[in-house]
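To keep things clear, I will list the structure first and then write my remarks on it.
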Amino acid sequence: MASKYSKDLLLTMYRKMYLMRRFEERAGQQYGLGKIAGFCHLYIGQEAVAAGVEEAIRPDDYMLSGYRDHAQPLARGSDPGMVMAELFGRTGGYSKGKGGSMHIFDIENHFYGGYGIVGAQIGLAAGMAFASRYRNEDRITVCYFGDAAANQGIFHETLNMAVKWKLPVLYICENNRYGMGTAIARVAAVPEIHKRGQAFNMRHEAVDGMDVLKMYEAVKDAAAYIRAGNGPVLMEANTYRFRGHSMADPATYRTKQEVEDERKNDPIPRLKDYAIAQKLAKEEEFDAIEAQVKEQVDAAVKFADESPEPSLDELWKDTIVEEGEEDVRPRERVLGAKVTNWPKYPSGQELKVTWDLEPREQAEKADKAAGLKR
Amino acid sequence: MAELMYREALNQALAEEMERDANVFLIGEEVGRYQGAFKVSQGLLDRFGSARIIDAPISELGFTGLGVGAAMVGLRPVVEMMTWNFAILAMDQIVNNAAKLRHMSGGQLRCPIVFRGPGGAGGRLSSQHSQALESTYAHFPGLKVVAPATPADAKGLLKSAIRDENPVIMIEGERLYALKGEVPEGEHIVPIGKADVKREGKDVSIITWSRMYYFCEEAAKQLEAEGISVEILDLRTLRPLDEEAILATVRKTNRAVVVEEGWPLAGVGAQVVDIIQSKGFDDLDAPVVRVTGLDVNMSYAANLENAIQPDAPKIVAAVKKVLYREGA
């Protein structure tokens with residue numbers, strides 16, 4: 001039986017996963033060389049999640065993440081050189097080196113940031129989704145967070161509102177089974193995070209996050225459901241990080257055997273084997289992709305290395321918006337490339353808010369039944 | 001000019017700004033059908049609908065995060081805190097996100113949001129409901145902090161705050177909502193960052209803000225009767241501080257008393273004294289004196305509650321101290 005997937009789709013997903021993997025391996029290496037400092041949380045092992053999500057949604061859908069945030073923007077199309085330069089703390093980075101590893105922002109590609117406080121982005125995502133509805137746009141917001149974030153208060157507070165107000169947001173819990181060094185089962189009353197959606201009458205599901213095709217299918221379906229106005233979805237992608245929590249973590253809290261077993265599930269060779277078995281692509285085509293990606297990552301490291309440190313007068317910029325200060329387009333600033341898809345928002349005058357959070361007729365009916373006067 | 005209550009002036013500012021810009025919306029507990037816990041949002045639900053006047057669940061952290069997210073993509077949320085005491089639950093979103101988004105994104109993001117609600121003590125609500133938290137927020141780069149004393153300033157500052165491209169904390173006086181004053185109709189703007197000389201005088205400057213202004217006025221009247229001419233500078237904005245206005249009034253009177261409702265340690269008043277001593281030392285004829293709330297938690301007992309807060313007699317005594325008069 002022929003595969004239901006196009007060659008193009010499979011190769012695109014392969015290229016993205018391979019880019020994420022190579023980029024992160026080089027980031028780890030550069031950390032070892034002292035070029036990258038602070039925390040550096042690698043995504044190695046989890047690539048199927050970001051690659052599957054990206055092909056299943058629209059490029060103009062909003063996205064945000066936690067502190068393990070280098071790879072997801074790469075899947076969106078962010079410039080690897082600018083991400084690497086940010087890790088190096090250099091002017092060429094997306095945030096001019098002011099955000100670093102945990103705060104990659106690429107607004108042009110609708111990636112609204114990595115956040116260093118566990119779970120904080122869950123609330124922000126609801127607000128971005130709220131804005132889409134407020135403006136009658138049909139874009140959705142995709143919010144990544146880890147299994148540990150599901151124990152934060154903001155997770156519960158936000159899910160409640162998201163369901164009640166039918167916000168177009170897809171919450172993807174990347175359950176890699178460990179919150180830093182603590183196995184989720186040790187601290188969570190319900191370690192199957194997706195089941196918590198039940199408490200809020202929220203559509204919820206678990207997906208094999210080591211299988212890019214399963215991720216792709218599940219997200220495509222969930223995105224269509226959300227875009228149709230049905231409200232949010234909580235998706236748990238069961239995945240595994242092959243490395244420690246951050247570069248500073250030797251990961252002694254899990255056995256060698258466990259990691260070896262999980263490595264057999266590596267999503268990257270898995271996709272390659274599938275495509276070859278389905279006769280959709282040949283070994284040489286993968287070799288070519290791998291060679292191109294290696295060059296791309298080499299170039300990224302070179303770009304980051306050659307990019308200067310920010311000047312000291314940068315200290316006093318980017319804290320407060322001064323009057324009349326213009327928007328900064330990072331790609332234009334760094335690469336001199338013309339930015340064409342910088343987001344533009346309708347002015348207040350053009351905007352007509354037609355949506356009701358609490359339809360008036362419904363509210364009045366409920367009041368009348370209860371004998372209340374509005 | 002119309003005489004309006006402080007809460008009505010705020011209501012007018014909100015309505016005018018929502019009329020002017022459809023990106024502006026209000027979210028908070030009881031702001032809609034209940035018409036506002038302190039009636040600031042009275043009538044707005046009927047006028048603007050439930051998508052723009054949003055009754056939030058009691059989830060300060062959650063709905064504050066929602067507001068910040070909406071501001072990141074260009075809406076202009078006004079987040080009402082039922083009181084600033086409850087906003088302590090939302091600190092992470094205000095401080096770790098709203099205040100830092102612009103910096104962490106290298107200038108890619110703006111966060112035009114207003115967090116507003118009542119602060120300060122009074123009404124015998126004990127410790128958890130009686131805090132002047134201005135200095136808490138004034139501490140953080142990336143935030144602006146305003147605290148109006150009069151209905152006219154309340155309207156003008158709220159309009160500025162809503163139009164500002166940055167996160168603005170607006171701490172209203174819980175005990176001021178029913179206070180009346182003349183408020184200009186329509187386009188009345190008070191710029192953020194500009195203090196206001198509310199009373200001209202030549203012997204001593206009292207520097208203050210929000211509700212404490214009224215105690216300072218009371219003290220000034222008593223002192224006037226004794227032949228002491230008092231100037232009162234109402235800071236109105238606590239971040240950024242209007243250094244020029246602070247130094248100008250000290251240059252004029254050569255003596256200063258700084259009055260604040262909050263606790264003394266790391267208070268905004270401490271920063272005002274630092275500005276005066278480091279940049280206006282040569283203009284001083286006496287050390288600056290501070291009047292603050294006592295360094296204790298607020299009590300329920302009426303006499304203790306009164307004793308903890310600054311009042312006119314304490315301010316009179318402080319003025320006499322900087323003038324080296326009796327009782328000092």
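The values are calculated or read from the model by the stated rules, or taken from the named source; none is laboratory data. As the structure is a prediction and not an experimental result, all values here were calculated from the model. Cβ: placed from backbone, ideal geometry, glycine included. Neighbour counts: every protein chain shown. SASA here: full protein model, heavy atoms, side chains in, ligands and nucleic acids out. Shrake-Rupley method; radii C 1.70, N 1.55, O 1.52, S 1.80 Å.
Overview of values
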quantity	calculated
Filtered residues of the stretch B:72-94 (kept if assigned to a helix (DSSP H, G or I), among the β-branched types (V, I, T) and either facing chain A (nearest Cβ under 9 Å) or open to solvent by 10 Å² or more (accessible area, probe 1.4 Å) (or both))	B:I88
Residue selected from the stretch B:161-170 under the condition surrounded by 24 or more Cβ atoms within 10 Å (Cβ to Cβ) and outside any strand (DSSP E or B), by the criterion farthest from the other protein chains (Cβ to nearest Cβ)	B:A161
Number of the exception - A:A288 against (1) surrounded by fewer than 14 Cβ atoms within 10 Å (Cβ to Cβ); (2) touching a residue at least 24 places away in the same chain (Cβ under 8 Å); (3) not in a loop (DSSP other than H, G, I, E, B)	(2)
Among residues of the stretch A:106-133, those that are among the aromatic types (F, W, Y) and either free of Cβ contacts under 8 Å to residues at least 12 places away in the same chain or under 21 Å from B:G28 (Cβ atoms) (or both), counted	1
Within the stretch A:78-107, tally of residues that are over 15 Å from the mean Cα position of the chain (by Cα), open to solvent by 10 Å² or more (accessible area, probe 1.4 Å) and within 9 Å of chain B (Cβ to nearest Cβ)	5
Qualifying residues in the stretch B:14-38 (those that are open to solvent by 30 Å² or more (accessible area, probe 1.4 Å) and closer than 16 Å to B:W84 by Cα) - the one farthest from the other protein chains (Cβ to nearest Cβ)	B:F38
Matching residues, the stretch A:340-365, being under 24 Å from A:L167 (Cβ atoms), open to solvent by less than 60 Å² (accessible area, probe 1.4 Å) and either more than 7 Å from chain B (Cβ to nearest Cβ) or acidic (D, E) (or both)	A:P343, A:P346, A:S347, A:P359, A:A363
Subset of the stretch B:277-290 [crowded, with 17+ Cβ neighbours inside 10 Å and either of a type outside the set (A, V, I, L, M) or in contact (Cβ under 8 Å) with a residue 40 or more places away in the chain (or both)]	B:G280, B:D283, B:R290
Residue satisfying all of: in the stretch B:130-149; within 8 Å of the chain's Cα centre (by Cα) and assigned to a loop (DSSP other than H, G, I, E, B); nearest to B:G106 (Cα to Cα) among these	B:A147
Scan of the stretch A:139-157 for residues that are over 13 Å from the mean Cα position of the chain (by Cα) and open to solvent by 10 Å² or more (accessible area, probe 1.4 Å), ordered by number	A:R139, A:A148, A:N151, A:Q152, A:G153, A:H156, A:E157
Unmet requirement for A:V207, which otherwise passes all of (1) open to solvent by less than 40 Å² (accessible area, probe 1.4 Å); (2) free of Cβ contacts under 8 Å to residues at least 40 places away in the same chain; (3) under 28 Å from A:C40 (Cα atoms); (4) not in a strand (DSSP E or B)	(4)
Looking only at the stretch B:25-71, and only at residues there that are part of a helix (DSSP H, G or I) and among the β-branched types (V, I, T), the one that is farthest from the chain's Cα centre (by Cα)	B:V68
Test result for A:L19, more than 23 Å from A:Q121 (Cα to Cα) and more than 17 Å from the chain's Cα centre (by Cα)	no
The stretch B:43-70, residues that are facing another protein chain (nearest Cβ under 7 Å), crowded, with 21+ Cβ neighbours inside 10 Å and over 20 Å from A:L159 (Cβ atoms)	B:R52
Criterion: more than 15 Å from the chain's Cα centre (by Cα), of a type in the set (S, T, N, Q), within 7 Å of chain B (Cβ to nearest Cβ) and open to solvent by 10 Å² or more (accessible area, probe 1.4 Å) - qualifying residue of A:N160, A:N136	A:N160
Odd one out for A:M17 among (1) in a helix (DSSP H, G or I); (2) within 19 Å of A:N176 (Cβ to Cβ); (3) open to solvent by 30 Å² or more (accessible area, probe 1.4 Å)	(3)
Residues located in the stretch B:206-260, provided they are hydroxyl-bearing (S, T, Y), buried (at least 22 other Cβ atoms within 10 Å of the Cβ) and out of contact with any Ser or Thr (no Cβ under 7 Å at 6 or more places or on another chain)	B:T208, B:S210, B:Y213, B:T237
Among residues of the stretch B:1-24, those that are of a type in the set (G, A, S) and either in contact with a Ser or Thr (Cβ under 6 Å, 6 or more places away or on another chain) or assigned to a strand (DSSP E or B) (or both), counted	1
Filter result (assigned to a helix (DSSP H, G or I) and in contact with a helix residue (DSSP H, G or I) (Cβ under 7 Å, 6 or more places away or on another chain)) within the stretch A:23-44	A:F23, A:E24, A:R26, A:A27, A:Q30
